[in-house]
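*Asks:* Just dropping this structure here.
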Amino acid sequence: MRLAFYGGMVNNLYVAARAFADLGARPLFIRDRDNATVFSQPCWQDMRLSLSFEQWSAANAWDWAAWSRWERTLGWNAPPWLADPLDDPQPMPALDARPHHAALVRWLYRNSPHAGAVLRLMRRCDAVVACGVHATILALVSGRPFCIWPHGSDIRMAAGLGPQAGGTSPRDRAAAALTRLLLRAAYRKARFATYANPTAGGGHTGNVREAGLGCPFRLVLFPAPLAPGPAGPRPEALRRTLEGLGLPAPGGAVVGLVPSRVDFFWKGQDMALHALAQAPRTEGLRLLFTGWGADLPRARDMAASLGLEDRVAFIPRVFSRPLLAELFHGADFALDQFRIGHPGTSALEAMGCGTPVVMRLDAAAYAREGIPAPPVINVATPRELAGAFTALAQGDPDPAALGRAAQAWLAGHHGAAAALRAITDGLEPGGG
């Protein structure tokens, strides 16, 4: 079975397609020309890159011609299993859907220069794996069996848990309503929707599996990269990476990396700052924020108001996956989220680098699925996190030992072979 993968959100399907290609499968990754954000471009996954916030903000507004010029300057080459719909623009073909769904899709994509080419590429394959709003809607009319690999906001939109797409004009509101209608139709038609964590994207906003989407759910722990290198912190590597970028290295004996976007609602970094201010015997512990996000100014103000200016550093840059892996290798631990109860992409990448992860984990959800919970430092309250900071500042637990355990768990439960088997079994005739 040949699988088409469509949806570029933070390169998750690109990582999966590469892992499946390494197994000898024949994936076709269709480049997502609806998503021009920096973090969703394949070169950001493949190359050692860093941008200032100003450069990153400007690049997020680039058109595709600008992206092509930059990729040529970088020397990035697409892998042989990637297809670009802009290489061969095509008109919209006949749509395999109910007449009213077909009419709505044609209206929504009436100005798209590539939707027709995407559908024709999907039809070269036996089945489709879709991630994201546009990918899911096009899979609905592709005429191929498909599954949905949600990234978060897309499935919450379909479930009515927010966010709602579109602007404020009547036309925008109409497009948003039609988008959600088509998303829900896609979930009803899909063979299954994957969920990459046992909480199924529910967390503190409601459980999408209980929202009446009308499709079965299948747990698929997507392939996560294991970065080469020993487990345990390597301070000299952290210092060398930062100084090579013209950035100061933190002066603490113990360094925690905060790699995700700064978002108090979804990530809860405000809890980390309050906990550090309360934690005793942590004078040598430093937090290094490499994230961006809507709450970055609030986080800086909060650190100053809590008297943490000398213990918390905010790096005004964003880092590609290879560079972020170097930072993980040099840190003593990484902070993930304290809200939703399951590891995000950054946490899995940290574990792949052998870096201990501090986060809130819904361990009971893993137990219900019969899966061992990942070996993280599990904290749910500011008091628990403050205690973890104190212990980490004293070298407890041993970061190298916990990092090796994390790498072993990741290798055992986020392997590419098991993920590929789960997807193809569900997409075979009679599967799902």
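*Asks:* Run Ala391 past the list (1) farther than 30 Å from Leu23 by Cβ; (2) open to solvent by less than 40 Å² (accessible area, probe 1.4 Å); (3) in contact (Cβ under 8 Å) with a residue 40 or more places away in the chain and report the number of the one that doesn't hold.
*Replies:* The one condition Ala391 does not meet is (3).
*Asks:* Determine which single condition Val357 fails, assuming it passes every other condition in (1) free of Cβ contacts under 8 Å to residues at least 60 places away in the same chain; (2) crowded, with 18+ Cβ neighbours inside 10 Å; (3) over 19 Å from Leu257 (Cβ atoms).
*Replies:* Single failed check for Val357: (3).
*Asks:* Out of all the residues in the range 356-372, is one or more part of a helix (DSSP H, G or I), of a type in the set (Ser, Thr, Tyr) and closer than 26 Å to Asp295 by Cα?
*Replies:* No, because not a single residue in the range 356-372 is part of a helix (DSSP H, G or I), of a type in the set (Ser, Thr, Tyr) and closer than 26 Å to Asp295 by Cα.
*Asks:* For the structure I just gave you, tell me whether Glu309 is of a type in the set (Asp, Glu) and farther than 22 Å from Leu51 by Cβ.
*Replies:* yes
*Asks:* Tell me, which strands (runs of 3 or more DSSP E) wholly within the range 291-347 include 2 or more residues that are at pLDDT 95 or above?
*Replies:* Correct list: 333-335.
*Asks:* Mind checking which pairs have a first residue in the range 24-41 that is within 17 Å of Ala65 (Cα to Cα) and a second that is of a type in the set (Asp, Glu), Cβ under 7 Å, 6 or more apart or different chains?
*Replies:* What qualifies is Arg31/Asp84; Ser40/Asp32.
*Asks:* Just one of (1) hydroxyl-bearing (Ser, Thr, Tyr); (2) touching a Ser or Thr at 6+ places or on another chain (Cβ under 7 Å); (3) surrounded by fewer than 21 Cβ atoms within 10 Å (Cβ to Cβ) trips up Ser346, so point out which.
*Replies:* (3)
*Asks:* Still on this model: Tell me, which helices (runs of 4 or more DSSP H) lie completely within the range 1-89 with 1 or more residues that are surrounded by 13 or more Cβ atoms within 10 Å (Cβ to Cβ) and aliphatic (A, V, I, L, M)?
*Replies:* 12-22, 53-59, 64-74
The values are calculated or read from the model by the stated rules, or taken from the named source; none is laboratory data. Nothing here was measured: the structure is a model prediction, and the numbers come from that model. Positions of Cβ are backbone-derived with ideal geometry, glycine not excepted, and every protein chain shown enters the neighbour counts. Heavy atoms of the whole protein, side chains included, go into the accessibility calculation; ligands, DNA and RNA do not. Shrake-Rupley method; radii C 1.70, N 1.55, O 1.52, S 1.80 Å.
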